[in-house]
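Worksheet: one structure, shown below.
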2 protein chains.
Amino acid sequence: MTRMSVSERRTALVDAALRVIARDAVAGATTRAIASEAGMPQASFHYAFESRDELMREVVRHVLEQEERSILPAMAPTSAPADMREALKSGLEHYFAGIAADPDHERAMLELSQYSQRTPGAEHLARLQYESYFALAVTSLRAAAELVDARWSRPVEEIGCMIVALTDGLTSTWLATRDDAAAHRFIDFAADAIARLSEPLSPSEAEAAAASRNRLSTGAQA
Amino acid sequence: MTRMSVSERRTALVDAALRVIARDAVAGATTRAIASEAGMPQASFHYAFESRDELMREVVRHVLEQEERSILPAMAPTSAPADMREALKSGLEHYFAGIAADPDHERAMLELSQYSQRTPGAEHLARLQYESYFALAVTSLRAAAELVDARWSRPVEEIGCMIVALTDGLTSTWLATRDDAAAHRFIDFAADAIARLSEPLSPSEAEAAAASRNRLSTGAQA
DNA sequence: GTCTATAATGAGATAGAC
DNA sequence: GTCTATCTCATTATAGAC
């Protein structure tokens, strides 16, 4: 491997580490295994990273960015949903399709989360991971309310916490059982239960909201 | 440590392993650390167990038994609940109190579950763990229905899956955030949502159910 | 039967040739 | 700058004294 900047090397090693963790768990992600996966000698590892711990922190940070970039658009509705229940259901189905498409990757995320929680000096990363999920959930909930002309009957932050817990339960249960039918039933159930925490806007309110949105987007364009 | 049967040694090591895993994670549960925690020299470890892997399998098995014995009675209502919503809420609060009382223990359980899922030859233990949770949930749901004179409007097995996913999400979210208020809100929400999947028996049905119960218990005594 | 002492392995990290 | 060869340390497991 001639000519490779340190930062290129770092991202190559982070990517390789993710693949190794997905395949062999965190315990199997030795510097040797990671370097070999990245196609470089083990010694090059320490040329790019101070220590294995520094790499792991970088892996978690990388994963956070990646998730924020990939999950947010995934939550966007493919077609205009009829009501809140449908909007939530399609969002959750989309999320589930993502984890079902690459279960090993998702298990790696769960393991990294546990790793952060148990590694002294990395606890803040675990918090960050949850805060990122939470922010994502809140954004999605606000978007859904706007999309189907509804309001949340409780603080949207509270409902965001619940979305996080629901998706977390869905994920870890499915990873353990691989029971697709149960997952879809749970999504139905969750969408229904969360939708009950919203109420449709009255026609006049909906009109006002639409007008306000127009004003805002016009203003943004000007 | 003079005079200690092999089976005593095994249970002592399994107990010690659980403490070490709760404190230092699965990765920190070396044979040395476990033996030291059990107050015996490291060599005694291999006098009781073939290998570290054999111990870990035994730990998971032990945990399954322990959970079944401790969670089932914990789900029993402390006082007669007014309706299904209250019954579920008190059951879930009881469950949550259990994990909040010993978070490290619960984290150890989660880690063991992941360990089983990723260790070749131990996948069946991961399945067992979930099946045990599931069976527990179904039993609790049946008991709750009897207690408050209600019927489940969907197969109780389907609802059992959902209880497992809900408690799982509750657990891992709380372990990551330690947000008690959010946990209680989630319990409220979950109890409400699940209770909607039940309907009260009519007075005549309730009477018939009570009579049937009496017949059964009399029959059991005879 | 029990424990001290040690072998064997594999880990993270580094020195030094190129 | 890069990689080969090596160091040091901690691990599992065992041999052998008591």
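Taking beta carbons within 10 Å but only from partner chains, what does the mean come to for residues A:186-196?
4
Report the one residue of B:L170, B:S140, B:A191 whose Cα lies farthest in the direction of the positive end of the charge dipole of the stretch B:129-222 (charges on C-beta: Lys and Arg +1, Asp and Glu -1; origin at the Cα centre).
B:S140
Give the span of the protein assembly as shown's Cα atoms along each principal axis, as three whole-Å numbers ordered largest to smallest.
Each principal axis gives a Cα extent; for the protein assembly as shown these are 85, 67, 32 Å.
Going by C-beta contacts inside 10 Å, put A:T167, B:T218 in order with the fewest on the left.
B:T218, A:T167
Quick check for me: using +1 on Lys/Arg Cβ and -1 on Asp/Glu Cβ, what's the dipole size of the stretch B:1-59 about its Cα centre, in debye to the nearest 20?
140 debye
Starting from the Cα coordinates of the stretch A:111-174, work out the convex hull volume and express it per residue in Å³.
Expressed per residue, the convex hull around the Cα atoms of the stretch A:111-174 is 86 Å³.
On a 0 to 90 degree scale, rounded to 10, what angle separates helix B:156-177 from the longest Cα axis of chain B?
For helix B:156-177, the angle is close to 50 degrees.
Rounded to the nearest 10 degrees, what's the angle between the helix B:180-195 long axis and the longest principal axis of chain B, both from Cα atoms, 0 to 90?
Once rounded, one gets 50 degrees.
Any idea what the dipole of the protein assembly as shown comes to, in debye rounded to 20, about its Cα centre with Lys/Arg Cβ at +1 and Asp/Glu Cβ at -1?
840 debye
Given Cβ point charges of +1 (Lys, Arg) and -1 (Asp, Glu) and nothing else, what value in debye, to the nearest 20, does the dipole of the stretch A:57-221 about its Cα centre take?
Using only the charged Cβ atoms, the result is roughly 260 debye.
How much net charge surrounds A:S116 when only the other residues with a Cβ under 11 Å from the Cβ of A:S116 are counted, with Lys and Arg +1 and Asp and Glu -1?
That works out to +2.
Assume the label is 7 Å from Cα along Cα to beta carbon: what separations in nm does B:Q66 have to the matching positions in the other copies?
Nearest to farthest, the other copies are at 3.4 nm.
Pop a pseudo-label 7 angstrom from the Cα along the beta-carbon direction at both B:E50 and A:D83 and give the gap in nm to one decimal.
5.9 nm
Which whole-number percent gives the relative contact order of chain B, counting Cα pairs below 8 Å spaced six or more residues apart?
20 percent
Helix-only mean residue ellipticity at 222 nm, chain A, DSSP H runs n ≥ 4 weighted -39,500 (n - 2.57), per residue, nearest 500. What is it?
-26000 deg cm²/dmol
Based on other C-beta atoms within 10 Å, arrange A:S36, A:S212 from fewest to most.
Lowest count first: A:S212, A:S36.
Express the C-alpha Rg of the stretch A:57-221 as a ratio against the empirical globular expectation 2.2 N^0.38 Å, rounded to two decimals.
1.13
Any idea how far the Cα center of the stretch B:1-60 sits from the one of the stretch B:126-187, in Å?
32 Å
Output the 0 to 90 degree angle, nearest 10, between the alpha-carbon long axis of helix B:6-24 and the longest principal axis computed from the alpha carbons of chain B.
Approximately 80 degrees, to the nearest ten.
Would you mind ranking B:T173, A:T30 so that the residue whose beta carbon has the fewest other beta carbons within 10 Å leads the list?
Least to most surrounded, the residues fall as A:T30, B:T173.
In 10 Å bins starting at 0, how do the alpha-carbon pair distances of the stretch A:14-70 split up by percent?
25, 57, 18, 1
All of the numbers you see were taken from the coordinates with simple rules; none came from a lab. The structure displayed is predicted, hence computed values, not measured ones. Every residue, glycine as well, gets a Cβ built from its backbone with ideal geometry; the counts of neighbours run over all protein chains shown.
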